[in-house]
Every structure is written in C-alpha cells, then in structure tokens.
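Note sheet for the following structure.
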Amino acid sequence: MMIKRGFFGVLCVGALLGVTSIANAAPITQNTDPNTVDYGNSVACGGGGVTAENSYYRVFDLFGLGIPASGIRSVQFGVDESAGGPQDVFIKFYTLNSTMVQANLVPFGPIYTVTVPDQQASLITVPLNPNLSFDTQDQIVVEINSPDGDATGTAFYIGSNAAGQSAPSYIRSEACAAFGLAEITDLAVAGFADMHIVMTLDVGACGDGTAEADAGETCDDGNTDDGDGCDSNCTATACGNGVKTAGEACDDGNEASGDGCDVNCTVTACGNNVVTAGEVCDDGNVSDGDGCDSNCTVTACGNGVVTAGETCDDGNTVSGDGCDANCKPTGCGNGFVTAGETCDDGNSVDNDGCDSNCTPTACGNGVMAGTETCDDGNTANGDGCDANCTPTGCGNNIVTGGELCDDGNTVGGDGCDGNCLNPACGNGFVGVGETCDDGNDTNGDGCDVNCTATACGNGVLTAGEVCEDGNTVDGDGCDSNCTPSICGNGITTAPEECDDGNTDDGDGCDSNCKLPACGNAIVNEGEACDDGNKSDGDGCDSDCSVTACGNGIQTLGEECDDGNNVDGDGCDASCKSTGCGNGVVTDGEDCDDGNDVDGDGCDSNCSATACGNGVETEGEQCDDGNTTAGDGCDANCRVESNGEGGAGGAGGGAGGSAGSGTENVEGGCDCTVAGESDAKTSVGLFGALFAALLVPFRRRRRSARA
C-alpha cells in the first residue's frame, strides 16, 4: 500500500442527499471555507487504482461552544472523488474526553450508511432522522469511514481544501501502518498540512424562538425561563422534562421511576403512589391489610407483614425456615411441604395419599398402610422387607439374594420355578419336562444332568454304560442295555439269530450270534469245518465236513460218495461207482488202472494184459479167455487150424482169392488177421474212393477248357 494523491480538476458541488430544513440552523464547522472542495487536494491509503479502508475524523467541542445538550440534525462532508461505485460510506459518532486516539473514542448513536454514487469535488449532506441527541460535556467526534475497495474495485477520497481550518483534520488506515497511520493521525503530522477535511454539523439551539422537533424541542418561547409553560430546555413545563418547577419534589428529566425521582416527580419511596423497583404495589399510604401493605407489597403471606389469617410472616415464601409459605409454623401437617417432607396434606391421616410422616403413601415411606405387610422406610431388597413391602422371601415378586427370578408365586413351570430360580435342569426344582432335579449337574447320582432318572436310555452316559442314545430301541447303534449294537452285548438284533452276551462258541449261541448249526461259520463240536454256507465242494461241504471223497457229499469230480472209503460197496474209496475202470481193484478184478484201454497192462475187463484173459490185444490173433488148446485159439492166442479151410483161408488171403479172409473153426471163434485182411480192405476202400473222386475232377477240367 502507499499514500496516493487524487487528481486536480474542476470544482463541482454535488446535490444534497435527502431534504432538510436549514431555517434557524446553527451550522458548526472548522473550515474557513466550508462550501468548497478542491479536486485533487486529498489523499487516501491505497494502490493500483483503488483505495483501502480509510477513516477521516473531525473533533467538535460543542460544550465549549455553549451547547451542552441538543440534537445533531445533519452532517455535511466533501467528496474529492468517488469512483467504481456506487459504494457505501459510513458515518459514526463518538464522545471524547481525552487524547485523540482510537482507544479513547466512546461510540454513541447509530451508524449511518450513505450510498455514494461516482462523483468529484462535491458536498454530501446527510440528514439524521431522528436527530442524534446528546447531553455531554465531552467533545463530539465524527468519523467518515470508506470501505476497502480491493474486492469491489472502488476508490474514495474525502473532500478537502487548503482555505484554512480552526482545528486539525485526522486520518487512520491500518493498510498504511508502515506510514504510521494505524493510529488516528493529524494530517499535518502525516505530511499533508494543506488537506483540510470539509465537514459541517447542523446543531439546533433552545431559546431561539423556534421549536425544532428534529432537535428534540417541544416548544421554544424565545427565553430560557422555567415554569412559564416552556422551560429552559425547550420542553413544556411538566413533570419529567428535567426542570424542577413548583409542586415537584424532584425532576430528573425522564418518566422513569425508581431512579430517585419517580414519574410523579416525588422522591422514590414506598407510599409515594408510584410502584418502583423493590415494590410490588404502592397505594400512597403505609397502612397494612388494605391490599398494599406498609412495605409496598401486596397483602399476602410472605410479604413480611402479619395480617389477618396468618400466624407468622417472615417476608418470604420459603418454607422450612420456621414460617412456611402458607404463613404457618414449619411442621408436618401444616399443609405445606418443607425440608424433610415430600408431601403435606395438612393432616396426620395415613393412606390418604400423604401419610402422617409427610411422605406420599407408598411402599418404603416407613408407614405401613393399605395392602402393605411391612414397611421399613426404604426400598432396599433383602433386608427383611423388600421394595414392594412384602417380607423378603421367594414368591414375593422381588429378586433377592440367592434368587435368580421371582414372579410373585412359588409355582413352577411359569417362567420362574417355585424355588425362585430360572427354569433349568439343575436348579433343584422339578419343572415342566423334568422327571427329577437334584440341584446339581452330577450324573449317575439318581438324577442325571438332563433331569431324568439315572437309567439306560435317558440320554446321559453314566457308569456301567458304554453308550447312551437317549432311547431303549435296539439295533440303532446303541441297544436298550446301553451297549453298542454288536454281537455279544446280550441283545438280539438283526441280523443276529441269538445273543447270549458273550462271544463264546458252543454255549448255545456262537460268537457270531448265530445258533450252533452247520453253516453258521463257527466250527462246533462234531464239525470238521464251517464256512458259513451250505454249499458243497467249496472246501467245506454242507454237512460241515471237509470237501473230500468219503465225506458222504457228492461233489464235482465224484461219481458217488457213500460217506466212507470202503471199496466194492457200490462206491469206492475214489468216489467212483464200483466197476472195472474206476481205478480201484475190487472183488473179481485182477487189476484196475482206471481206464478201459486194453494192452496197457490192465485190460478193459480188469484182468492183467495176457493171453487168455479174454481180451484180444496186440500180438494176439485171438483170446478166448483161456489157455486151452484145441478150442480154436491156442494157449498163445494163435488161431488154431482145423485143416484145409484154414490154410486156404490163409492162402486165399495171400493169393487174393475170394473170401472173407476169415476162417470159421468149428467150436472156435471167428478170427480176423488184422495185419492182412484189414490192410487189404483199407487199400481197396481207398482205391475205390480215389477212383470215384478222379472222374468228376477230370470232367470239371475239360469243362473249364471248353
């Protein structure tokens, strides 16, 4: 910020803002020329084309001019320049009785706001309606305050001239604190001795013969005499105009009472017929009991005056200080509640709402009344008389020591059991759904933790029980004897046939809980094995004997099984039917190699392979079952010849003569020499077959060629 000079220009006088009469005016000014503003003569704190907040001051000693009290009708001040507006300028008034510094200024009157349009070298007159009254010996200070134009882009310079002045002009601006202007400063001291702020006050004067209402005058008879109808302060002669005249004991210039001089211009006091501070009434006398007593209070209890119907009156309505608010001595039964009393109905009757000890009829007031069975004067529980004025105990609806609930009865199952414990197993009271309750959570003592009698099936596992599922149903995993549903627990459950409570075999119920029998998978007495089924041939047969020949069960690979290993009884020890070729030599057999092949040492008739055993084998021409000669087959099993026929037969065979190649020996057997006749026969058959096949083959070939 910096000190900025305005611009010099042409003198211009602005129009008045508002209308005011200047007849009989008493203008007060400190300017030699109060009507001229020199354009460009003023300075302001600011910069950049705008002005900061600035205050301009004039000090008027009106008391020194013989005007101790009057009214300021208007303020006129000059405007060097107002730009960027319109803008508001403020007029403020102070009293000053010391050095001209801001701290000594005492504000009075309102702050007047003036909207200033853009203008130069003009005068603005501001009427003060109503007039700003004053009554002081102090100096009057007028401040013209222009706002900070930084935000609005405005500039304001107070109007001034260099024509001369009778008192200093002042400036203050905190924005120019660096130039020493933070405090109110004489412009001459600040370096601007020729800047004389143009300002004029219009102040009225009593006794000039003109009653100026704006100056607070109600009359003006042209003199300053009192009591002539218009007193020296230009108000009509009357009580309260500030002039003591005939008939008045005092006159302090107002209509206020209680300030030493009341509205009827009598000295403030009880009995002067004016109610003032500290008085409730004032009937103009000091008689008691007439509605306004001698202490200027309405006749009533508590006004400090004992009147008819009162037995005391200590001047207040405070009770308990010896004289209560009803003007009766403090005490229970006087109808007024005092310290230590919570009620007072004016009697000592109990149970009527307020008992004889001045407490409301209620449990705990120390007076047993109505339906109370006790009253110990408190609402503490458990001291013998509980808060509902019933003796301490379960069922009185008050929960006291040891009780968890109390519903006013000793009935169980209603939410609070008869022993005043919450319904629960283990509270010692048999409630709904409980079969017992021994007051503890110990199992196996006769009443278990779920409040059922100790027993299998109550859902609580106790001594002697292996499991507990809360029922006595068998086969659900825990049987009715509280043992797991398994074989040997003494309970027969599906698929058990029996259960004798152990896993011993042979005692009537085997370890797999099946009755002793073949096929129950337990080998009992008399059984060689038991594979748990009735199947044969699986190693253990349906009679519980090991699968084997001779066990009486015919199984795969056996032709028969008669239950023994005796041969020749129809079923031999190899479990084949008794007969040649079953591999068992039985009665009538010389051998038995288990087949019907001849010539392998034991022929198909179960005789040892040999000539004469009745079986013709290799190397034999015949075998007639004996070694007797002459019967057609000799002892070495050669066909015996009985003559020509035989030789011829042999020769015919060799020579190819017709014939069967067989010799019939009378008394003998037909014999065929296998080596000869069979070979020939075979060759003959093969040749015939080949011939039969050859012809068609050749035909097919010819046909193909064609």
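The values are calculated or read from the model by the stated rules, or taken from the named source; none is laboratory data. On a predicted model such as this, the values are computed, not experimentally measured, just so you know. No Cβ is skipped: glycine too gets one built from the backbone with ideal geometry, and neighbour counts run over all protein chains shown. Side chains are part of the model used for accessible areas, which takes the heavy atoms of the whole protein and leaves out ligands, DNA and RNA. Shrake-Rupley method; radii C 1.70, N 1.55, O 1.52, S 1.80 Å.
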inquiry  = With the requirement that a residue be over 25 Å from Val126 (Cβ atoms) and free of Cβ contacts under 8 Å to residues at least 60 places away in the same chain, what does the range 151-184 give you?
reply    = Ala177, Gly180, Ala182
Given (1) open to solvent by 50 Å² or more (accessible area, probe 1.4 Å); (2) of a type outside the set (A, V, I, L, M); (3) over 26 Å from Phe134 (Cβ atoms); (4) in contact with a Gly (Cβ under 7 Å, 6 or more places away or on another chain), number of the condition Gly247 does not satisfy = (4)
inquiry  = Name the residue that is nearest to the chain's Cα centre (by Cα), counting only residues in the range 156-204 that are of a type outside the set (A, V, I, L, M, F, W, C), part of a loop (DSSP other than H, G, I, E, B) and surrounded by fewer than 22 Cβ atoms within 10 Å (Cβ to Cβ).
reply    = Glu183
query = List, please: which pairs have Cβ atoms under 7 Å, are six or more places apart or on different chains, and start with a residue in the range 242-266 that is hydrophobic (A, V, I, L, M, F, W, C) and end with one that is not in a loop (DSSP other than H, G, I, E, B)?
reply = Ala249/Val267; Cys250/Cys261; Cys250/Val267; Cys261/Val267
task = Identify all residues within the range 254-283 that are on the phi > 0 side of the Ramachandran plot and either of a type in the set (Asp, Glu) or in contact with a strand residue (DSSP E or B) (Cβ under 9 Å, 6 or more places away or on another chain) (or both); write none if there are none.
result = Gly260
ask   = Filtering the range 213-237 down to residues that are at pLDDT 90 or above and surrounded by fewer than 16 Cβ atoms within 10 Å (Cβ to Cβ), which residue is nearest to the chain's Cα centre (by Cα)?
value = Ala236
request  = Considering each residue of the range 134-154, count those that are surrounded by fewer than 20 Cβ atoms within 10 Å (Cβ to Cβ) and small (Gly, Ala, Ser), and give that number.
outcome  = 2
task = Specify which of the listed residues (Ala325, Ala387) is touching a Gly at 6+ places or on another chain (Cβ under 7 Å), open to solvent by less than 40 Å² (accessible area, probe 1.4 Å) and closer than 28 Å to Glu403 by Cβ.
result = Ala387
task = Return a yes/no flag: does the range 104-118 have any residue that is of a type in the set (Asp, Glu), in contact (Cβ under 8 Å) with a residue 60 or more places away in the chain and open to solvent by 10 Å² or more (accessible area, probe 1.4 Å).
result = no
request  = Determine if the range 516-530 includes at least one residue that is outside any loop (DSSP other than H, G, I, E, B) and not hydroxyl-bearing (Ser, Thr, Tyr).
outcome  = no
key: Residue that is nearest to Thr125 (Cα to Cα), among those in the range 34-88 that are of a type in the set (D, E, K, R) and crowded, with 17+ Cβ neighbours inside 10 Å   = Arg73
task = Name the single residue, out of those in the range 507-543 being in contact (Cβ under 8 Å) with a residue 12 or more places away in the chain and among the polar types (S, T, N, Q), that is nearest to Asp561 (Cα to Cα).
result = Ser542
inquiry  = Cβ-Cβ under 6 Å, sequence separation 6+ or interchain: first residue in the range 572-600 and without any contact (Cβ under 8 Å) to a residue 60 or more places away in the chain, partner outside any loop (DSSP other than H, G, I, E, B) and buried (at least 18 other Cβ atoms within 10 Å of the Cβ). Which pairs?
reply    = Cys591/Cys602; Asp593/Cys602
request  = Spot the failing condition for Thr210; the list is (1) among the hydroxyl-bearing types (Ser, Thr, Tyr); (2) surrounded by 18 or more Cβ atoms within 10 Å (Cβ to Cβ); (3) in contact (Cβ under 8 Å) with a residue 40 or more places away in the chain, and only one is missed.
outcome  = (2)
query = Taking into account only those residues within the range 305-314 that are within 23 Å of Gly271 (Cβ to Cβ) and open to solvent by 40 Å² or more (accessible area, probe 1.4 Å), which is modelled with the lowest pLDDT?
reply = Ala308
task = Determine if the range 282-296 includes at least one residue that is open to solvent by less than 40 Å² (accessible area, probe 1.4 Å), of a type in the set (Asp, Glu) and either over 21 Å from Pro329 (Cα atoms) or outside any loop (DSSP other than H, G, I, E, B) (or both).
result = yes
ask   = On the given criteria, is Asp590 open to solvent by 40 Å² or more (accessible area, probe 1.4 Å), closer than 21 Å to Thr555 by Cβ and part of a loop (DSSP other than H, G, I, E, B)?
value = no
request  = Could you please give the count of residues in the range 414-465 that are loosely packed, with under 14 Cβ neighbours inside 10 Å and either in contact with a Ser or Thr (Cβ under 6 Å, 6 or more places away or on another chain) or outside any loop (DSSP other than H, G, I, E, B) (or both)?
outcome  = 3
query = When you go through Gly402, Gly395, Gly331 one by one, which is the residue that is part of a loop (DSSP other than H, G, I, E, B), open to solvent by 30 Å² or more (accessible area, probe 1.4 Å) and modelled with pLDDT under 95?
reply = Gly402
